[in-house]
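To start, the structure itself, in structure tokens.
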Amino acid sequence: QVRLVESGGGLVQPGGSLRISCAASESGFGIAVMGWYRQAPGKQRELVATMSIIRSTNYADSVKGRFTISRDNAKNTVYLQMNNLEPEDTALYFCTARYHNRDYWGQGTQVTVSA
């Protein structure tokens, strides 16, 4: 069982930046993939970005060039640096981790982009 706790969400103006974090209860060195999904009201959950244990990354086209995922295995933590935020990025952001071939999810952190 892996517990994931997100933090760092909030309200930001369009064009602003925000970094969200997710701490895992298990060693980062044992987690094959860590990443972020998001879900806006009335929409399906969608991929934002993932990073494997060997640091290969996968980004949604809508965030390429604006968002950067990173992970610190020693701290069991994955980060998402979000720059040049747009109102369309407003959503509940969920952390995910693949550990021993099972996927685990956090409770989510709200990111709201509004003037």
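Summary table
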{"item": "Amide H contacts of S25 (H built 1.01 Å from N, under 5 Å, at least 5 apart or other chain)", "result": "R3"}
{"item": "Net length gained if the chain between K43 and N83 were fully extended (0.36 nm per residue, minus Cα distance)", "result": "12.2 nm"}
{"item": "Within a Gaussian network of the chain (alpha carbon springs, distance under 10 Å), most fluctuating of I54, I31, I20", "result": "I54"}
{"item": "Accessible carbon and sulfur surface of the chain relative to its total accessible area, %, 1.4 Å", "result": "47"}
{"item": "Alpha-carbon radius of gyration plus Dmax, which is the widest Cα pair, for the chain in Å", "result": "13.3, 42"}
{"item": "Virtual spin-label span in nm between W105 and R19, 7 Å along Cα→Cβ", "result": "2.7"}
{"item": "Accessible solvent surface per residue of the chain, calculated while the other protein chains remain in place, 1.4 angstrom probe, Å²", "result": "53"}
{"item": "Gaussian network model of the chain, springs between alpha carbon atoms under 10 Å - residue of N83, N101, N73 with greatest fluctuation", "result": "N101"}
{"item": "Rounded to whole Hz, the Karplus (6.51, -1.76, 1.60) HN-Hα couplings of region 74-91, x for glycine and proline", "result": "5, 9, 6, 10, 10, 10, 9, 8, 10, 10, 6, 5, 10, x, 5, 7, 4, 5"}
{"item": "Candidates Q13, Q44, Q81: whichever shows maximal mean-square fluctuation once the chain is modelled as a Gaussian network with Cα springs under 10 Å", "result": "Q44"}
{"item": "Where a label projected 7 Å from the Cα of R3 along Cα→Cβ would reach, residues of region 14-51 with amide N under 17 Å", "result": "22-28"}
{"item": "Magnitude of the charge dipole, the chain, Cβ model with Lys/Arg +1 and Asp/Glu -1, debye to 20", "result": "220"}
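The values are calculated or read from the model by the stated rules, or taken from the named source; none is laboratory data. Remember, it's a predicted structure, so these values are computed and weren't measured experimentally. Counting neighbours? That spans all protein chains shown, and the Cβs are built from the backbone with ideal geometry, glycine included. The accessibility values were calculated without ligands, DNA or RNA, using every heavy atom of the protein model including side chains. Shrake-Rupley method; radii C 1.70, N 1.55, O 1.52, S 1.80 Å.
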